[in-house]
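Structure, as structure tokens:
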Amino acid sequence: MKEINQLKERLSQGRITRRDFIRSAIALGVALPTATSLSSAVLAATPNKGGMLRQALTGGASSDSLDPATYLDSYMINVGIGQLRNNLTEIDENNQLIPELAESWDSSDGQTWVFELRQGVEFHNGRSLKANDVVASIQHHLGEDTKSAAKGIVAQITDIMAHGDHQVMMVLEGPNADFPYLMSDYHLGICPANDDGTIDTQSGLGTGGYKLESFDPGVRTLTVRNPNYWKAGRAHFDSVETLFISDTGARENGLMSDELDVITSPAAATAGRLAKRPGIEVFYTHGNQHCTLPMLNNVSPFNDNNVVMALKHAIDRQEWLEKIWFGYASLGNDIPIGPANRYRATNEEIPQRDYDLDKAKYYMKQAGRTSVDLTISTADTAFQNSDDACVLFQETARPAGINIEVVRKPDDGYWSNVWLVDPWCASYWGGRPTEDWMFSQVYSKNAIDTGWSETFFNNPRFEELLPQARAELDDAKRRDMYVEMQRIVHNNCSVIIPIFSAYGHASSDKVKHSENMASNWEFDGNKNAERWWFG
């Protein structure tokens with residue numbers, strides 16, 4: 001079924017002919033009449049061109065920038081790699097890694113990687129994409145002085161060079177079988193190189209399906225279709241208006257009044273009623289997105305792991321699942337590796353942590369405390385209804401002598417003024433396709449330097465395992481390493497991960513998309529502007 005769905009996607013995108021589809025389907029065991037019927041159905045649903053997509057997202061801020069190194073949340077991810085720019089690789093609708101600007105890649109030892117670039121690709125200004133653009137774009141995130149949030153994942157690159165106009169070679173500090181996945185990171189969109197080896201980050205120029213018309217940070221972005229887009233069967237809308245609307249009710253009202261075509265994060269409590277309204281569809285995708293409650297472990301009392309462990313046992317995760325997410329989620333276990341990851345620890349390997357007042361009190365006693373007064377900062381941009389969720393935490397923690405004050409902060413500026421600033425706050429991560437990616441970007445020592453370690457976690461054994469697991473080709477040994485790393489975070493990192501939440505969407509029924517949808521981010525991996533269309 002998976003192979004047939006992939007064939008259907010390729011036919012709908014114009015990447016194969018109907019004859020190729022039928023021949024391949026027959027080779028997979030599909031009878032000729034069925035293959036013919038399937039091809040007719042796919043072609044009948046071929047996307048239409050035209051119209052303006054009006055979409056509202058969370059995760060924007062007045063401090064947003066077109067510099068890909070600065071992207072922090074879903075709004076700029078959608079605009080940046082979903083509309084303006086492309087990466088070397090991408091995650092497709094089937095959550096598989098596929099080529100994007102790199103036509104192919106190869107490595108004989110997992111340490112030296114050669115990427116062959118597509119030819120005939122142009123930036124929005126008509127200049128052809130060349131290897132030096134890729135080199136400059138990756139170098140933008142390298143070096144001690146870079147402020148890029150991608151530094152933690154590209155720090156392993158020790159050398160990068162262009163071979164001619166269409167080949168790029170990258171040498172790593174050690175083997176990494178997952179390295180091509182990292183090139184799909186949303187910070188690594190390819191920008192045009194300047195003469196001095198830097199890149200043009202502020203014009204919005206890219207090779208993506210849409211060209212920038214206007215950009216008002218934290219408010220509105222308008223893009224128009226790139227008539228010379230190199231991807232066949234993509235970027236169907238004439239234009240895309242992307243709005244930052246933090247208030248859930250305002251987003252839903254905009255959709256119901258036909259002022260918006262699609263929104264993110266409808267209220268879980270009322271999603272069922274919204275779906276019953278004529279002309280509106282509500283749908284969810286399940287991936288590795290998770291909510292976190294990170295604590296800065298260089299600030300008292302979070303520098304005492306006994307206090308942290310008391311908090312981890314004083315939260316009722318099941319109550320959060322039922323009362324905040326209404327079932328549109330699954331329980332977290334203080335581990336950032338999600339259900340879509342290959343080496344996620346099983347419940348047998350790391351048992352689910354439950355609400356346990358006796359254990360919470362035990363760890364408080366180990367910390368030499370009978371009570372503790374704490375403050376947690378929240379905002380809807382961290383995760384929806386985070387203030388209500390933390391009020392539930394407040395109630396369940398109090399019997400253990402843990403007194404929590406919940407402080408609601410403004411959505412605008414939250415990621416620059418609260419996250420990594422306040423000692424304890426609400427946060428979230430979209431998750432990453434590989435274990436190494438998630439650990440390298442957020443939990444490694446390098447992540448402290450890049451400003452993306454939301455706990456300042458630094459564990460010697462974890463750091464020892466990180467490059468070893470990255471290079472290990474024996475699957476069983478590699479799994480053992482990643483499970484050990486998850487156990488270290490589970491027991492020693494000052495973060496609570498209570499929930500893996502689904503991505504919620506609501507749209508007009510005029511908005512069409514394929515049957516399969518990427519779940520690495522919301523909005524079809526934030527590629528909806530180029531993958532969806534009006535029916």
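Computed from phi, the 3J(HN,Hα) profile of region 76-89 under the Karplus parametrisation 6.51, -1.76, 1.60 (θ = phi - 60°) reads 6, 5, 5, 5, x, 9, x, 10, 8, 10, 10, 10, 5, 10 Hz, with x in place of Gly and Pro. Only lysines eight or more places from LYS147 in sequence, or on another chain, were considered; those with a Cα closer than 21 Å are LYS445. Neighbour counts of C-beta atoms inside 10 Å place HIS236, HIS505 in the sequence HIS236, HIS505, starting with the fewest.
Report, in whole Å, the centroid distance computed from the Cα atoms of region 143-167 and region 201-232. Cα centroid of region 143-167 versus Cα centroid of region 201-232: 24 Å apart. Sparsely packed loop sites in region 98-185 (the trypsin sites (Lys or Arg not before Pro) outside DSSP H, G, I, E and B with at most 15 other Cβ atoms within 10 Å) comprise ARG127, LYS147. Footprinting exposure proxy ranking of PHE237, PHE500, PHE21, fewest other C-beta atoms within 10 angstrom first, gives PHE21, PHE500, PHE237.
Taking 0.36 nm per residue of separation and subtracting the Cα-Cα distance, full extension of the segment from ASP238 to GLN366 would add 39.9 nm. With the Kirkwood sum run over all distinct C-alpha pairs, region 290-501 has a hydrodynamic radius of 17.3 Å. Does anyone have the angle between helix 460-471 and the longest principal axis of the chain? Alpha-carbon axes, 0 to 90°, nearest 10? For 460-471 against the chain, the angle is about 20 degrees. The residues packed around ILE496, meaning those with a beta-carbon under 11 Å from its beta-carbon, carry a net charge of +2 if Lys and Arg are +1 and Asp and Glu are -1. If you take the Cα centroid of region 278-321 and the Cα centroid of region 359-384, the two points sit 12 Å apart. Which residue, SER137, GLY451, ALA275, has the largest displacement toward the positive end of the dipole of the chain when charges sit on each Cβ (Lys, Arg +1; Asp, Glu -1)? Among SER137, GLY451, ALA275, the one farthest towards the positive end of the dipole of the chain is ALA275. For TRP532, the shell of other residues with beta-carbons less than 15 Å away shows a net charge of -3, using +1 for Lys and Arg and -1 for Asp and Glu.
Taken over the chain, the convex hull of the Cα atoms encloses 151 Å³ per residue. Dipole of the chain computed with +1 at Lys/Arg Cβ and -1 at Asp/Glu Cβ about the Cα centre; of ASN48, TRP429, SER62, farthest Cα towards the positive end is ASN48. For the residue pairs LYS49/LYS231; LYS477/LYS527; LYS8/LYS231; LYS276/LYS323, the alpha carbons lie more than 24 Å apart in LYS477/LYS527. In summary, the aspartates and glutamates within cross-link reach of LYS361, defined as a Cα separation below 16 angstrom excluding same-chain residues under 8 places away, comprise ASP304, ASP316, ASP373, GLU395. A straight line joining the Cα centroids of region 407-424 and region 41-93 runs 25 Å. Kirkwood hydrodynamic radius of region 99-151, from the reciprocal of the average inverse Cα-Cα distance over all distinct pairs: 12.9 Å.
Rounded to the nearest 10 degrees, the inclination of helix 475-492 to the longest alpha-carbon principal axis of the chain is 40 degrees. By the beta-carbon count within 10 Å of each Cβ, the least crowded to most crowded order of TYR362, TYR503, TYR428, fewest first, is TYR362, TYR428, TYR503. Taken about its Cα centre, the chain carries a charge dipole of roughly 1300 debye when the Cβ of each Lys and Arg holds +1 and the Cβ of each Asp and Glu holds -1.
None of the figures in this text is laboratory data; all of them are computed from the coordinates on show. Since this is a predicted model, take the numbers as computed values, not measurements. Every residue, glycine as well, gets a Cβ built from its backbone with ideal geometry; the counts of neighbours run over all protein chains shown.
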